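The values are calculated or read from the model by the stated rules, or taken from the named source; none is laboratory data. Quick caveat, the model's predicted, so the values are computed rather than measured. With ideal geometry, Cβ positions are generated from the backbone for all residues, glycine too; neighbour counts draw on all protein chains shown.
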Amino acid sequence: MKMIYCKEIDDYIKSKEPKSTDILLLVKNIVKPLLKSNAYFDSDTFYKCLEYTEKYYYEMFPFQKFIYALFFFYEDETKLFTTFDTFFIMEGRGNGKDGFMAPLADFLTTHYHGIKNYNVDVVANSEEQAKGLTEIIYNRMEDYKDKMKKFFRWTIEVIINRKTHSKITYNTSNSKTKDGKRPGMIIFNEFHQYENYLNINVHMRGKGKVQNPRVVIITTDGSIREGPLDDYKALSEKRLKGLLPNSKLCPILYRLDNEKEIDKPEMWVKANPSLPYMPVLKREIETDYALMQDMPHMRPDFITKRMNLPKEDAESVFCKWETILKTKRPLPNPNKALAIFGMDYAELNDFASGGFLWKNGNDYCWMQHTWINKNSPFFKSIKPPLQKWEDEGFVTIVDTPTIDPNLILDWFFENAVFFNVQILSMDKFRWEAISDDFEARELSVVTKENPNGEIVHVRSGGWTQNEIAPVMDVIYANGHMIYGDDPCMRWFTQNTGVKRDGKGNKTYFKIEPKLRKNDGFMALVHAMSERSRLDIPEWNPDGNPYL
């Protein structure tokens, strides 16, 4: 039996960079046996594909050539059936998945591949993700317009080969219908976002109506468990171990072998095969790695998305104490700076906080005050020196059944004269109990009917917090948040944890719900949700209504 030889496969197998156990098993149990089999390798078309890619797109990396070669294996010389009909490819975030698949998708629609109506459907959960790959092809068409117009017609929505009539289109998972489609290849991008097979099956209905159908699943790992991604990972692991010899699945899994390798940068290439060739990616991963040292709650995302090891740690502290201490710098004079007032409370018989947020250059500045009810059932058990903090002016301790909202309003109006206050921001669910007092002071909520109101209700819980979480991470890690020397605010921050749900969405929570309060931090979160108002010359055309 004559052994199949492909230089690109051989070069990659013999390359010295660290390879994960999954890649070693792929080589041992799938690729090497394939090279010794009766399969047919269409080397002519493969090299035409490499030439096409490197002429019109970019010079390919060795691992990319290795993967491309596997697309051109067939059961025999008739080329009626491909050896692999499904490619499951996992790479760490930032490795250029769209750029990797775009040239191949383009090439397979051409006469070099030789199959008419070999349509390529690119599928993702959002239009932005789905368009990413087709935009790369569109831009190449524009770059080589004089030559390409002989062979293609193109818009951003569809690219059509004039000779084969093959089309490249993008689809979102919620497209109304895919009935009647005849895809030659379906590319599922960011597969980790699927919770079930409902939308996947809709796109798969047309598979098999065209010769040599292929499905490509290319993704990072994600936070959704027991969904399609986990199913394909389990199937891949069986395939790699040689337990499914008749399967037409080709699993190519770039991931670390264990968490110990996270702290060994030389091993990161196992999950990020583009790393040796992309210095920008290397710098990004190094930056993320450094960031998670200060912000422990970012570790699960780093491990899951950069290194493709799902991390089940759903809760962790917001940031380390050393990072919190970066906030301990003198507050600059606001000098009538644009400001947002944020406030929060859990119960008015416990704690309530309010504060002013403004910017000084690249720094965010936060001056807060907290009201504490002495009759709270937890008051005597709280460990920090509350009386000392009151003497220093950071808190006010009240001895009443509930905290009077007018105390908050008095402090607000007393200090608003130092700022150009744009808006007051608070959780809608906290409004009802204090609305009468605020409206009595002529402060009303922004609505369609009242666009010039002074109070904005932020969306409660996960939506707002997940939206600002990445911004907060960077601000704190880089030391761009200033509290002044406010021990109460440092305590609030230390008491805050980050929780992620099954979809990876982040919310802030109190690490210990009764004795470790974080009202001041949540007031800051509400203010930060309106931070865009700090970057405009003027929001209220009538000037500051509080002066």
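Summary table below
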read-out: Test set (1) under 20 Å from the mean Cα position of the chain (by Cα); (2) buried (at least 19 other Cβ atoms within 10 Å of the Cβ); (3) of a type in the set (G, A, S) - A105 fails condition number; value: (1)
read-out: Top-ranked residue of segment 110-127 - restricted to ones that are in contact (Cβ under 8 Å) with a residue 60 or more places away in the chain and not aliphatic (A, V, I, L, M), ranked as farthest from V210 (Cα to Cα); value: N125
read-out: Hey, N466 at pLDDT below 85 and either in a loop (DSSP other than H, G, I, E, B) or assigned by TED's automatic domain parsing to the domain that holds V498 (or both) or not; value: yes
read-out: Selected residue (criterion: nearest to the chain's Cα centre (by Cα)) from residues of segment 479-500 that are surrounded by fewer than 21 Cβ atoms within 10 Å (Cβ to Cβ) and part of a helix (DSSP H, G or I); value: Q494
read-out: Residue in segment 310-329 that is within 23 Å of the chain's Cα centre (by Cα), more than 26 Å from K32 (Cβ to Cβ), basic (K, R) and not in a helix (DSSP H, G or I) present; value: yes
read-out: The lone exception for E226 - which of (1) within 22 Å of the chain's Cα centre (by Cα); (2) at pLDDT 95 or above it fails; value: (2)
read-out: Residue among R239, R283 that is farther than 28 Å from V471 by Cα and assigned to a helix (DSSP H, G or I); value: R239
read-out: Filter result for E157 (under 20 Å from the mean Cα position of the chain (by Cα) and free of Cβ contacts under 8 Å to residues at least 24 places away in the same chain); value: no
read-out: Of all residues in segment 244-280 being among the aliphatic types (A, V, I, L, M) and assigned to a helix (DSSP H, G or I), the one that is surrounded by the fewest Cβ atoms within 10 Å (Cβ to Cβ); value: V280
read-out: Tabulated pairs, segment 482-498, first in the same structural domain as W358 (by TED's automatic domain parsing), second among the small types (G, A, S) and part of a helix (DSSP H, G or I), C-beta under 9 angstrom, 6+ apart or interchain; value: D486/G520; C488/G520; M489/G520; W491/G520; F492/G520; F492/A523; T493/G520; V498/A469
read-out: Identity of the residue in segment 443-471, closer than 20 Å to L424 by Cβ and under 18 Å from the mean Cα position of the chain (by Cα), that ends up surrounded by the fewest Cβ atoms within 10 Å (Cβ to Cβ); value: W463
read-out: Residue within segment 182-190 that is under 27 Å from E59 (Cβ atoms) and among the β-branched types (V, I, T) present; value: yes
read-out: Criterion (in contact with a Phe, Trp or Tyr (Cβ under 6 Å, 6 or more places away or on another chain), among the hydrophobic types (A, V, I, L, M, F, W, C) and modelled with pLDDT of 90 or more) met by exactly one of C319, C365; value: C365
read-out: Count - residues of segment 34-87 that are in contact with an Asp or Glu (Cβ under 7 Å, 6 or more places away or on another chain), farther than 17 Å from A105 by Cα and of a type in the set (A, V, I, L, M); value: 1
read-out: Restricting segment 406-432 to residues that are of a type outside the set (F, W, Y), out of contact with any Gly (no Cβ under 9 Å at 6 or more places or on another chain) and at pLDDT below 90, the residue that is farthest from Y508 (Cα to Cα); value: E432
read-out: Subset tally (residues that are under 20 Å from K167 (Cβ atoms) and in a helix (DSSP H, G or I)) for segment 185-211; value: 3
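Yes/no per residue for (1) assigned by TED's automatic domain parsing to the domain that holds F72; (2) at pLDDT 95 or above; (3) farther than 25 Å from I67 by Cβ; (4) of a type in the set (S, T, Y):
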| residue | (1), (2), (3), (4) |
| --- | --- |
| I136 | yes, yes, no, no |
| K147 | yes, no, yes, no |
| T172 | yes, no, yes, yes |
| E190 | yes, no, no, no |
